[in-house]
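As structure tokens, the structure follows; a few thoughts come after it.
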2 protein chains.
Amino acid sequence: MASTSSLPALDASRLSISLTETPFPIPTGKTTTKAHTDHLLIVSWTSTQGWSAPQIVPYRPLSLPPTASVLHYATSCYEGTKLYRGYDGKLRVFRLLDNCRRMKDSATRASMPAPDPNELSKLVKELCRVEGPRWLPSETSKGKFLYIRPTIIGIDADLALHVAKEVLLYVVLVTWPENANSPTAIGDKETLPGFKLWASPEDSVRAWPGGTGNHKVSANYGPALKAHSEAEKNGFDQVLWLHGTDRMVTEAGGSNFFVIWKTKDGVLELVTAPLDSGLILPGITRRSILELARTRFNITSKWELDGRTVLATAVNVEEKDFMIVDLIEASEDGRLLAVFVAGTANFVRPVTEINVHSHSIHIDYDAIPHAALLRKWLADMMYGIEESQWTEVIND
Amino acid sequence: MASTSSLPALDASRLSISLTETPFPIPTGKTTTKAHTDHLLIVSWTSTQGWSAPQIVPYRPLSLPPTASVLHYATSCYEGTKLYRGYDGKLRVFRLLDNCRRMKDSATRASMPAPDPNELSKLVKELCRVEGPRWLPSETSKGKFLYIRPTIIGIDADLALHVAKEVLLYVVLVTWPENANSPTAIGDKETLPGFKLWASPEDSVRAWPGGTGNHKVSANYGPALKAHSEAEKNGFDQVLWLHGTDRMVTEAGGSNFFVIWKTKDGVLELVTAPLDSGLILPGITRRSILELARTRFNITSKWELDGRTVLATAVNVEEKDFMIVDLIEASEDGRLLAVFVAGTANFVRPVTEINVHSHSIHIDYDAIPHAALLRKWLADMMYGIEESQWTEVIND
């Protein structure tokens, strides 16, 4: 076997593009998560040959051996990010390189080859350039987006359990329901109803120290479906994952979880779980929210929101452990002012109810404007209304 | 959507068989885990149509959408069991129904449809009847076996995270290195060398309460590869999974872990981790060993082993928690008499070394005959030397 260091690395300059002659019909009507675009970016890797030349090819099913590693041993990791059609007609990605860096970390945790983040980022942008014009036409798609899913799977046809010697890296673009991400939905309870969260039962635990809760590996998700379907059956949208006998609040469904409350000392505080426990995903939206809140909520200020002028009181921004009992107590004391979740799939979404084992916490949708402001600021960047270092125009 | 109860259940009587016209060459030379037989058993299920008619078809790759649930969310569970060619020329399976029952439990934990164990068992046996004559010819394969892998995967082409609405149940048979299961290897250090185990590092955990460690779901395996490859790099065969700050001993690699030691009170004891923690897999081999040990090691007796007569001292059989420090202490006191792992893939395998973070425990390969006897008794049943209620002849 050749030494690993001498094997070909992932190299975007080797990309070849083969366009389809039979593009799919663009779906009409209600947008779902089921429609994909016309092409697939695909690269393979083996432990003896390194990375192959990347290809953009007409969308096709994957042909996998029934004994493929990913089907039995969850050798898989992925990313989620979006391609935005701005109000200025330009296509943008948002902190894409951060996603590609996280994918490198996830692949390493899953004992799979880690693609170079810069090369992966270039390849994702190439696929976006191919699909953008037809799937997000500049005239009719302003304020719309596609969801981008880079994925790495182990494809060894060998049932002996070992580190994958053959993998496939691929990227697909799919449509996604619009109200999860539309800037026009800001603060509108009709188009953007608040999430109802269901606290995880004690016998269902998402993550553990030394596990994979802080990486985007497939193994985090299948086992979570049991509690998720229990939540849905009870009329709730997502699970709020609590941890340990203390019932520490970690994250919600596939999103990070944020609270704005007054402390017992009367200090207004924006709180989310810290990364150092290794239990929660280091979300790109999470980081963006923390950075924005720290720079814009550091003093009480007036802002424009949805045609109104609103006052946002200054908040302390804290990444720290907190327990569900703290949340219940704050609610009972009238100190719980806002709860929201944030992530790529659900963007920034108000939470209006949390069910904690037959106890219900209700939260005002819009008692304070902070969550709606964060949502607006991010959407403004994504759609080119606000200039930002976090976005990159890909079709200039 | 039709009500679930009215949908077609898994039904082995609906099986159709389409035989290949181009069988694969039977591999020669050293047996690997990479060769599969000529056919595949396959059944699909959807939430609106229930189970389809099962089919045995020529072996073929699976065609999956790049957005298939299993590739992103580890919606997958499986089983491992074996087909044995006896010394009497008969084909046997071993406690197959127990595997099919466990698959029902695993599927339920993974929020997937649970196949009826009796119907699944019938289907597996049908596939074995198709493959047995060519892949384990009665004249030349006595004492040989094939590995059986039933698998259920979620195949919804929808990236929204939800319980799988479409799944594929399939069964493949593959070859497996012989020394892992050959009765001729009993007590032979050359053909069956002892395993060397590497205690899991504190930052790598296999399972936790409320997780999936007690179910055979794919999500348990990919995250375990990091520690496994660290073990291999250090010259060890498998990881010994320790849990919690107490470093409780749970299981080894993909096998259950057994110790025979003298307690401080001088009682000879066979110990393995209990099932009630939810941390370990309820192994079929584990259960068989406990049942055999309880009935045959209850009094000190003489047994035939490999042409010799050996004396097996009576042992107490215990399923209870024990810590790595107990193992170290027993080793230092000279009370640690035997360590072995047991499971379908590795059968019953002596352990001769355990590395616990730079501390090494060495164990005699054959200080006492108990592990070799358990191995012999099970192999004798599997290969028709001893009549057993645990085996079923499938080609009478």
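Work out the P(r) tail for the range B:11-50: percent of alpha carbon pairs separated by more than 13 Å, whole number.
Numbers: 539 of 780 pairs.
Roughly 69 percent, once rounded to a whole number.
With 10 angstrom as the radius, rank A:R134, A:R349 by how many other C-beta atoms surround their C-beta, starting from the fewest.
Numbers: A:R134 12, A:R349 27.
If I rank by nearby Cβ atoms, fewest first, I get A:R134, A:R349.
Rounded to the nearest 5, what is the percent of antiparallel bridges among the DSSP beta bridges in the range B:195-382? Walk me through the numbers before you get to the answer.
Numbers: 31 of 42 bridges.
Within the range B:195-382, antiparallel bridges account for around 75 percent of the total.
What's the Cα-based Rg to Rh of the protein assembly as shown, Rh via Kirkwood?
Computed over Cα atoms, the ratio is 1.00.
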Q) What's the Kirkwood radius of the range B:73-207 in Å, using all Cα pairs? A) 17.2
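By the gyration tensor of its Cα atoms, with a ≥ b ≥ c the square roots of the eigenvalues, what is the shape of the range B:333-396: rounded for a/c under 1.5, prolate for a/b over b/c, or oblate? Could you put the intermediate results ahead of the total?
Working: a/c = 4.72, a/b = 2.46, b/c = 1.92.
In terms of gyration-tensor shape, prolate.
Hey, with R₀ at 60 Å, roughly what FRET efficiency would B:N118 and A:K320 work out to, going by the Cβ-Cβ distance, to 0.05? All intermediate terms of the calculation are to be shown ahead of the outcome.
Details: r = 53 Å, r/R0 = 0.88.
The computed FRET efficiency comes out at 0.70.
So what is the relative contact order for the range A:325-373, in percent, with contacts set as C-alpha pairs under 8 Å and at least six apart? Before the final figure, lay out the partial values.
Details: 54 pairs, mean separation 16.7, N = 49.
Taking the mean separation of contacting Cα pairs over the length of the range A:325-373, I get 34 percent.
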(Q) Once the label point is set 7 Å along the Cα-to-beta-carbon vector, what list of distances in nm do you get between A:N234 and its counterparts in the other copies? (A) 4.2
(Q) Below 8 Å, C-alpha to C-alpha, sequence gap of six or more: please give me the relative contact order for chain B in percent. (A) 18
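Based only on other Cβ atoms within 10 Å, what is the fewest-to-most ordering of B:V351, A:V93, B:V57, B:V70?
Values: B:V351 25, A:V93 22, B:V57 15, B:V70 31.
Arranged by neighbour count, lowest to highest, B:V351, A:V93, B:V57, B:V70 become B:V57, A:V93, B:V351, B:V70.
Could you list A:S331, A:S13, B:S360, A:S229 in order of exposure, starting from the residue whose Cβ has the fewest other Cβ atoms within 10 Å? Write out the running numbers ahead of the final one.
Details: A:S331 19, A:S13 8, B:S360 11, A:S229 14.
Ranking A:S331, A:S13, B:S360, A:S229 by Cβ neighbours within 10 Å, fewest first, gives A:S13, B:S360, A:S229, A:S331.
How about the range B:106-159: which GluC sites (Glu not before Pro) there are in a DSSP loop, with at most 10 other Cβ atoms within 10 Å of their Cβ? Walk me through the numbers before you get to the answer.
Details: sites: B:E119, B:E126, B:E131, B:E139; in loops: B:E139.
Sites meeting the loop and neighbour criteria: B:E139.
How big, on average over all directions, is the shadow cast by the Cα convex hull of the range A:195-382, in nm²? Walk me through the numbers before you get to the answer.
Values: hull surface 42.3 nm².
About 10.6 nm², averaged over all directions.
If I take every Cα pair under 8 Å that is 6 or more residues apart in the range A:1-95, average their sequence separation and divide by the length, what percent do I get for the relative contact order?
Details: 104 pairs, mean separation 26.1, N = 95.
Relative CO of the range A:1-95 lands at 27 percent.
Once every DSSP H run of n ≥ 4 in chain A is given -39500 (n - 2.57) and the sum is divided by its residues, what mean residue ellipticity at 222 nm do you get, rounded to the nearest 500 deg cm²/dmol?
Dividing the helical sum by the residues of chain A leaves -6500 deg cm²/dmol.
Summarise the partner chain shielding of A:148-157 as one whole number: the mean count of Cβ atoms from other chains within 10 Å of each residue's Cβ. Show your work: numbers first, answer last.
On the way: counts 0, 5, 0, 5, 1, 6, 2, 0, 1, 6.
The per-residue average across the peptide is 3.
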Q. With springs only between Cα atoms under 10 Å, which of B:T344, B:T33, B:T212 fluctuates most in a Gaussian network model of chain B?
A. B:T33
Q) By how many nm would the segment from A:K189 to A:S47 grow when fully extended, if each residue of separation counts as 0.36 nm and the alpha-carbon distance is taken off? A) 46.0 nm
Q | Efficiency of FRET between B:T28 and A:T28 - r from beta-carbon atoms, R0 60 angstrom, step 0.05 | A | 0.55
Q | Qualifying trypsin sites (Lys or Arg not before Pro) in the range A:293-392, DSSP loop, other Cβ atoms within 10 Å at most 10 | A | A:K320
Q: Using the 2.2 N^0.38 Å rule of thumb for compact globular proteins, work out how the range A:259-331 stacks up: its C-alpha Rg over that value, please.
A: 1.23
Q. What is the spread of the Cα atoms of chain B along each of their three principal axes, largest first, in whole Å?
A. 64, 50, 38
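Please report the orientation-averaged projected area of the range B:183-255, defined via the convex hull of its C-alpha atoms, in nm². Walk me through the intermediate numbers first.
Values: hull surface 24.5 nm².
Average projection, Cα convex hull of the range B:183-255: 6.1 nm².
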Q: For the range B:227-278, just the Cα set please: Rg and Dmax, both in angstrom.
A: 13.3, 39
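Could you list the trypsin sites (Lys or Arg not before Pro) in the range B:246-285 that lie in coil according to DSSP, counting only those with at most 12 other Cβ atoms within 10 Å of their Cβ? Write out the running numbers ahead of the final one.
Details: sites: B:R247, B:K262, B:K264; in loops: B:R247, B:K264.
The qualifying sites are B:K264.
Rounded to the nearest 0.05, what FRET efficiency is calculated for B:I299 and A:N234 with R0 set to 51 Å and r the Cβ-Cβ distance? Can you show the working numbers first?
Details: r = 55 Å, r/R0 = 1.08.
For B:I299 and A:N234, the calculated efficiency is 0.40.
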Q) What's the average, rounded to a whole number, of partner chain beta-carbon atoms within 10 Å of each residue's beta-carbon in B:205-218? A) 5
Q: Evaluate the distance, in nm, between pseudo-label points positioned 7 Å from the Cα of B:L275 and of A:D88 along their respective Cα→Cβ axes.
A: 6.4
(Q) Taking only complete DSSP H runs, can you tell me which helices of chain B stretch 24 Å or more along their own long axis by Cα positions and average at least 1.6 on the Kyte-Doolittle scale? (A) none
(Q) If I model a spin label as a point 7 Å beyond the Cα along the Cα-Cβ vector, how far apart are those points for A:E329 and B:Q389 in nm? (A) 5.7
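FYI, it's all coordinate maths here, none of it is from the lab. Worth saying up front: this structure is predicted, and the values here are computed from it rather than measured. FYI the Cβ positions are ideal-geometry reconstructions off the backbone, even for glycines, and counts take in every protein chain you see.
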